[in-house]
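Laboratory data are not the source of any read-out in this text; all were calculated from the coordinates shown. Source: prediction; values computed, not measured. As a convention, Cβ positions derive from the backbone with ideal geometry for all residues, glycine included, and neighbour counts pool all protein chains shown.
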């Protein structure tokens, strides 16, 4: 069916549809186009509110991008499968509609001004404390949103958060709850234990060929060669656009000016003598200034006069020294005078603090690199930025080429790249950059590529590379022979027999008189793994409690819990505050979840 659509994609009907899309984009933007399709193909209805397939697919794509952004190469490819993403997206959309209806039913609302204020103040959209439009747009594009759709999403988020905040704000914790946690945390336990080594037991465990074959036959389903695929792929990089972009001299000059603008400004070292006017009249202050100026002209040292006359107690004993200052960091009148003086010049200026007799001691100029020394690096940086932008612009064309053909040759020819081939890899991925990428793995095992033989959608590897894949070969899951799995089977059977033997020895040691117990007294919670196991056991009543526990390394431990000392309900103030905060957050989370479940259970939901 899909191939028929492709074959007929040059028809007049398709041209009319494309024309409609172009006009819609031109007049109203992508949001209008999305909204125009939202009214059809309903996949769920919540209290009379429709959820469309388009919304579900958009939500699934957003989740895909978020998972890849948060977890990178560590994301489980199974989490990126379309069916799972779509189910999760639909569940989230239903939950959002339920919570939005609840908030609106309570008469709550959010204004556009509130949303704008939130976005302007969000740190992730700021550069040097100022809202960065490019950073904002790049972020919302990475999630697959348009600006209008993203603002609506934030508006809805703020709206449905209001009832949650009200619930969280109404929670409180009683003193006895905090005391109970403090008591549990300070509890101590005394116990005895015997450990049994799995490694030692395994070395002394023998198995027969019959046991191995019997285990293999009984567990044959566990020994399979997983499904594998081999794919062809093309990688288009920003580097492929270097020859298609140019950097002008004007752009280089602008980049140079921007790079040196952040360098340290000119600094000036000054000394001053302050004559305050707060405790004397302006006439008396001017008379005192004239007296100092006469002495300066007579050759007396500026530092000596500062020590005698200056009212600035912070600098008078240091010759009036103010140190180095940058322009714009001090009083405007003082600043204007200082940065218009020549070295060793003395000038008097009046500010809000009084009269300043200023002496310019030194001038330091920033070490500004020449344009020639930065030109090569600036040109390379501009080239990389332009090539990256060109790749971003080409995303749509690459997507179109991938869709229009069932081969990769057209993309390879258009961008001058080679069609490459991967090694076989399974659903857990391969070892190279392509086959280990979660988005590539998910696409390779998705229906369009695996079953329909189509090219994948464009997949972003990083901001400088995109890839499109096509199935080369598929190996279905198959059973491994006994000979292929014999070593693995032997390891499993030996370990299983060793564990059974250890458990029997532990059971026998419970009541044996010669058991070599090791004793631990007054152990504290979280002290070590053995103690954590002891803390998982019930309190002893009239006699000790004995249990066999497994350790993380496979060993077994026979533990005899003898005594539990109830801890103190008194804790330091900081610790009590931490307990209170933990309890408050836990209760708020439970209450919020309870309300959400209640509202959802009472909503009319049709899928």
- Query: Whole number please: convex hull volume per residue of the Cα set in segment 544-606, in Å³?
  - Reply: 235
- Shape metrics for segment 304-346, restricted to C-alpha atoms - Rg then Dmax, Å: 11.5, 29
- Label model pair residue 505, residue 297: point-to-point distance (7 angstrom along the Cα→beta-carbon line) in nm is 10.6
- Rank-order 473-484, 355-366, 265-276 by packing density, defined as the average count of other C-beta atoms within 10 Å over each peptide's residues, highest first. 265-276, 355-366, 473-484
- Using helices alone, what [θ] at 222 nm do you get for the chain, with -39,500 (n - 2.57) per DSSP H run of 4 or more residues, divided over all residues and rounded to the nearest 500? -16000 deg cm²/dmol
- Task: Please grab the % of Cα pairs in segment 336-378 that end up more than 18 Å from each other.
- Result: 51
- Message: 7 Å from Cα along Cα→Cβ at both residue 433 and residue 372: what's the point-to-point distance in nm?
- Response: 3.7
- Using Cα pairs under 8 angstrom and six or more residues apart, how large is the relative contact order of the chain, in percent? 25
- Report Rg(Cα)/(2.2 N^0.38 Å) for the chain, keeping two decimals. 1.49
- Sort 236, 493 so that the residue with the fewest other Cβ atoms within 10 Å of its own Cβ comes first and the one with the most comes last. 493, 236
- Item | Estimated FRET transfer efficiency (residue 142, residue 283; beta-carbon r; R0 51 Å; 0.05) | 0.15
- Of the listed peptides 53-62, 112-121, what is their order by residue-averaged count of other C-beta atoms within 10 Å, with the highest listed first? 53-62, 112-121
- Task: Give the relative contact order (percent, whole number) for segment 264-364; include only Cα pairs under 8 Å separated by 6+ residues.
- Result: 43
- Note on the structure: Rounded to the nearest whole number, the per residue volume of the convex hull around the C-alpha atoms of segment 279-335 in Å³ is 113
- Item | Per-selection Rg to Rh, segment 150-207 - Cα, Kirkwood hydrodynamic radius | 1.49
- Task: Relative to the compact-globule scaling 2.2 N^0.38 Å, provide the ratio for the alpha-carbon radius of gyration of segment 264-364.
- Result: 1.01
- Message: On the Cα set of segment 221-297, report Rg and Dmax in Å, please.
- Response: 36.2, 105
- Taking the Cα atoms of segment 161-248 alone, what are Rg (to one decimal) and Dmax (as a whole number) in Å? 32.2, 79
- Task: State the three equivalent ellipsoid semi-axes of segment 206-334, derived from the C-alpha gyration tensor as the square roots of 5 times its eigenvalues, in descending order and whole Å.
- Result: 84, 31, 13
- Based on the Kirkwood radius over alpha-carbon pairs, what is the Stokes-Einstein translational diffusion coefficient of segment 499-607 at 4 °C with 1.567 mPa s viscosity, in µm²/s? 71
- Express in whole angstrom the spacing between the alpha-carbon centres of segment 385-436 and segment 295-354. 67
